[in-house]
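Structure, as structure tokens:
A short reminder: the numbers here are calculations on the coordinates, not readings from a lab. Nothing here was measured: the structure is a model prediction, and the numbers come from that model. Cβ: placed from backbone, ideal geometry, glycine included. Neighbour counts: every protein chain shown.
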Amino acid sequence: MFFDSSESISGGSRTSTEAFVPHGHSLDPFACPCCANALSESLRLAGVDLRDHAAELRSAPPKVAEASFITNAKIMTMDESCPNADSLWIQDGRIAWIGWSRDKPEIAADARVFDFQGRTVLPGFIEPHMHLPPLALLDSFENIGPFRFPSIDQALSHLKETAREVPVGEWVLGRQFDPSLQDGPDVLTRVMLDRVTTEHPVLVYNASLHLAYCNSRALEVAGITAETVSPPASEIVKGEDGEPNGVLKAGPAMAMVARHNPGMRNQNLAESCLEVFKRANRVGITTLCDQGTGLFQGPRELDLYQALRKSNRMTARFRFSLGHTLAAEWDKTDIAWGQGDEWVRATGWKIVSDGSNQGRTGLQRQPFLHSSEQGIAYIQPDELDKAVEERLRQGWAVCIHANGDAAIDHALAAYARAASLGLDPGGRRSRIEHCSILHDEHIKKMAELGISPSFLIGHVYYWGKAFVDDIFGAEKSAKLDRTASCEAAGIRWTLHSDDPVTEMGPLRCIENAVTRSMWKSEELLSAEECISVDAALRAATLDAAWQCHSDHEIGSLESGKYADLVVLGSDPREVEPRKIHEIEVLETWVHGERVYGV
């Protein structure tokens, strides 16, 4: 058995009603920012290993939540039977009572009393789609992305300053570099990185995680020269002079450099995962869901999760979906849907059916703008049909990654076939991940089948202008992330970051869904798809809990559920919509204990 303590969860019934390139960069066909498969492959080939995390991870005594009484708060419960309150009583990590202070019961004499002075309280935010092991590794890299540094010159200047603080000979590592969103050249070359430093090997990951860039010192350490042959399904890019230009495309080429960095090989990944949880707490997140477990190190990732659970140091709950590409290996284990406990639990089976739209690998009905290409099917329709049927019969909730409209056609056809066999994918809360380009017939079919989408809403804000100008054109781009249409159809939907594709930030996601604004543009992307703040908040709390098969225990603030909550500096319903992301997260509580506070 995977965990010492396991519980099975019933499917249950529905519990509620529901810049890119302003100056014309080219798109790289290798860039597929969803699911980080190339990064995972590069780390595996580089020998970044999952060691005995239980032995390495410092443990803490079992958590004992103290009794607490919170009062004088502005509480949005997400419970339709009692939508608002001003007080709640926490006992043994759960909500023992919630309501109005005038009606409060007799509280335990030893309860701590907290006067929240009218501050806004919500259920803790839930991130339903991210990638924990790759993110934990990359968190030690310096972020030189566009939302810290709008230009490439600024990013490289910062990296140069970072190099000055690193002992000579040690590696300088960067991440989130995105020439599609940062002003400057289309690519980061060896010559450019040599200007950062020649005393250190430098390795920088593109935000897509399918490309990396290195300086001359890194190429030298790796033994890569003009004579070096690119590994299969990968490329060491060379200039007109035949010399490597520092650009590495896809996992095997990236691994040829990454394997020479001892710091990456020796990182305590379990401790880094705990740091990711703390970062999530800082933006109000109390539960995370990994969508693609095993893509980094196969079934051994379960040992990592178990070590985290046994450490008693988790500051966020964790759910995960198994990656389908490792189906044969998973079938050799005893892992099953619902296995685990309230802290760590298996809740889904993840199938990647296509690539990404901004990488021009999302599978389309029609070619991309100014192109004859229609993207890539990572799994053929008949194979997808069989996989969906097989995993539903085993009791799994299926999560299909589908970005392009043709990929969504295939996903819905597989779900419809399963439904015709009596397997009820909707009843299993099966999902479509990203679900980017939705036609009206897609929405109708999802509603009929009970299929739930989770939207990478950052597509609208970060890449919306690129979709309009360079990738799809205005008409098709208007079909991106159609939250309002799904809401009108009675479909339960959620918002996610896909971190490390975009950074975790539920308030930013909520703002993106409410405003549909685009970075470096005054225009909105299909304003008719703007959603209400209330609906977006529900998507980030109760409906995300429902998608993660956890709404019986989290997602709303009501008696009997765990006391996971976030305290905000302002009510999101009362601020100017474009300033929702500026709201300060004051405190985050998990299991009745404060895990973050300013």
Exercise. Taking the Cα centre of the range 62-114 as origin and charging only Cβ (+1 Lys, Arg; -1 Asp, Glu), how large is the dipole, in debye to the nearest 20?
Worked result: 140 debye
Exercise. Residue separation times 0.36 nm, minus the C-alpha to C-alpha distance between residue 372 and residue 148: what's the value?
Worked result: 77.1 nm
For this session: Could you compute the FRET efficiency for residue 382 and residue 275, with r as their C-beta to C-beta distance and R0 at 41 Å, rounded to 0.05?
Result: 0.45
Exercise. Hey, got a sec? Which trypsin sites (Lys or Arg not before Pro) in the range 316-383 land in a DSSP loop and have at most 15 other Cβ atoms within 10 Å?
Worked result: 332, 365
Exercise. Semi-axes of the chain's equivalent ellipsoid from the Cα gyration tensor, sqrt of 5 times each eigenvalue, largest first, rounded to whole Å?
Worked result: 37, 28, 25
Seminar exercise, completed: Whole-Hz Karplus couplings 3J(HN,Hα) for the range 254-261, θ = phi - 60° and coefficients 6.51, -1.76, 1.60, Gly and Pro as x, run 4, 5, 4, 9, 4, 5, 8, 9
Seminar exercise, completed: Ranked output for segments 82-95, 486-499, 366-379 by mean other Cβ atoms within 10 Å, highest leading, reads 486-499, 82-95, 366-379
Seminar exercise, completed: Taking a label point 7 Å from the Cα of residue 106 along Cα-to-Cβ, the residues of the range 550-570 whose backbone nitrogen sits under 15 Å from it are none
For this session: Find the Rg to Rh ratio for the range 265-319, where Rh is the Kirkwood radius over alpha-carbon pairs and Rg uses the same atoms.
Result: 0.95
Seminar exercise, completed: Of 439-448, 199-208, 398-407, ordering from highest average Cβ density within 10 Å down gives 398-407, 199-208, 439-448
For this session: Report, in debye and to the nearest 20, how large the dipole of the chain comes out about its Cα centre when Lys and Arg carry +1 and Asp and Glu carry -1 on their Cβ.
Result: 560 debye
For this session: Percent of Cα-Cα pairs per 10 Å bin, from 0 to the last occupied bin, for the range 332-391, please list those.
Result: 19, 32, 26, 17, 6, 0
Exercise. At 222 nm, what helix-only mean residue ellipticity would the chain give, in deg cm²/dmol to the nearest 500, using -39500 (n - 2.57) for each DSSP H run of four or more?
Worked result: -7500 deg cm²/dmol
Exercise. Which net charge results when you count Lys and Arg as +1 and Asp and Glu as -1 among the other residues whose beta-carbon is under 10 Å from that of residue 468?
Worked result: -2
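If you average 1/r across every pair of different Cα atoms in the range 141-265 and take the reciprocal, what Kirkwood value do you get, in Å?
The Cα-based Kirkwood calculation yields 14.3 Å.
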Exercise. Where a Cα-Cα gap under 25 Å defines reach, which lysines qualify for residue 160, not counting those fewer than 8 residues away within the same chain?
Worked result: 238, 249
Exercise. In the structure shown, do any of 444/465; 386/479; 520/579; 278/310; 63/310 have a Cα-Cα gap over 19 Å, and if so which?
Worked result: 444/465; 386/479
For this session: Using a 10 Å cut-off on Cβ atoms, rank the peptides 423-431, 548-556, 535-543 from the highest mean neighbour count down.
Result: 535-543, 548-556, 423-431
For this session: Averaging sequence separations of C-alpha pairs under 8 Å and six or more residues apart, then dividing by the length of the range 100-183, give the relative contact order as a whole percent.
Result: 32 percent
Exercise. Relative contact order, percent, of the range 141-265 when contacts are C-alpha pairs under 8 Å separated by at least 6 residues?
Worked result: 21 percent
Exercise. What is the percent of Cα-Cα separations in the range 113-186 that go past 19 Å?
Worked result: 57 percent
